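Scroll down for the structure; my scribbles are underneath it.
The values are calculated or read from the model by the stated rules, or taken from the named source; none is laboratory data. As the structure is a prediction and not an experimental result, all values here were calculated from the model. In this analysis, Cβ positions are derived from the backbone assuming ideal geometry, glycine residues included, and neighbour counts consider all displayed protein chains.
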Amino acid sequence: MYLRSDKLIQTKTDEPMGYNGAKEKMRKILFLCLTMAIAVMIMPSCRTTINTSKQQYINTTTTSALYADLDVSSKKISYGMEPSKAVARGGYENIINTAVQEALKQNGGGDVLVEMRISADFKRTFWGHKKVTYVRITGYPATYKNFRSADDETLKEILKAKYFKDDRRKK
């Protein structure tokens, strides 16, 4: 502040906040509030949408006009494994399928395992869930041979054996 011809003049830096200063501060607060409100309204539109679907199981039967013989080995194989984390994440069925696949791959590469026996060791986790620690698979490897088309009579016999199993038990 300084005096000039007996009048008190205030400089811009020494000016106390008066009506104009409060008005400017209110404008800034109002601007920030409006900006925040617009941002809140816009943000949900930027969200990622995830669509899921559920499959319904429909019990249907299909019969192929192709059949084959099964050549079963007389040598029984056994395979044990500790499932990796990636395999275990798929669940118990995934662990069993992986063990069967590895057993067949290491023992000649059969197509299926006949009379399969499964032995699994479980461990309870802290939360009470069961965790598979070791799986042993035993069985006879088998391969499909002699693929051929079925004629009408053979197809009727296959269908009769498949759908009328209960009739044979009653006799």
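Tabulated data
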{"read-out": "Within the stretch 81-96, considering residues that are surrounded by 13 or more Cβ atoms within 10 Å (Cβ to Cβ) and of a type outside the set (Gly, Ala, Ser), the one nearest to residue 135 (Cα to Cα)", "value": "81"}
{"read-out": "Complete set of residues in the stretch 123-165 that are surrounded by fewer than 11 Cβ atoms within 10 Å (Cβ to Cβ), closer than 30 Å to residue 80 by Cα and not polar (S, T, N, Q)", "value": "123, 124, 126, 127, 128, 129, 145"}
{"read-out": "Pair list, Cβ under 9 Å, 6 or more apart: the stretch 126-150 residue touching a residue at least 24 places away in the same chain (Cβ under 8 Å) and farther than 27 Å from residue 107 by Cα, other residue of a type in the set (Ser, Thr, Tyr) and in a strand (DSSP E or B)", "value": "149/67; 150/67"}
{"read-out": "Subset of the stretch 103-122 [over 16 Å from residue 80 (Cβ atoms) and assigned to a strand (DSSP E or B)]", "value": "112, 114, 115"}
{"read-out": "Residues located in the stretch 86-117, provided they are within 19 Å of residue 74 (Cα to Cα) and in contact with a helix residue (DSSP H, G or I) (Cβ under 6 Å, 6 or more places away or on another chain)", "value": "110, 113"}
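Okay, residues lined up against (1) modelled with pLDDT of 85 or more; (2) in a helix (DSSP H, G or I):
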{"residue": "29", "(1), (2)": "yes, yes"}
{"residue": "32", "(1), (2)": "yes, yes"}
{"residue": "39", "(1), (2)": "no, yes"}
{"residue": "44", "(1), (2)": "no, yes"}
{"residue": "60", "(1), (2)": "no, no"}
{"residue": "67", "(1), (2)": "no, no"}
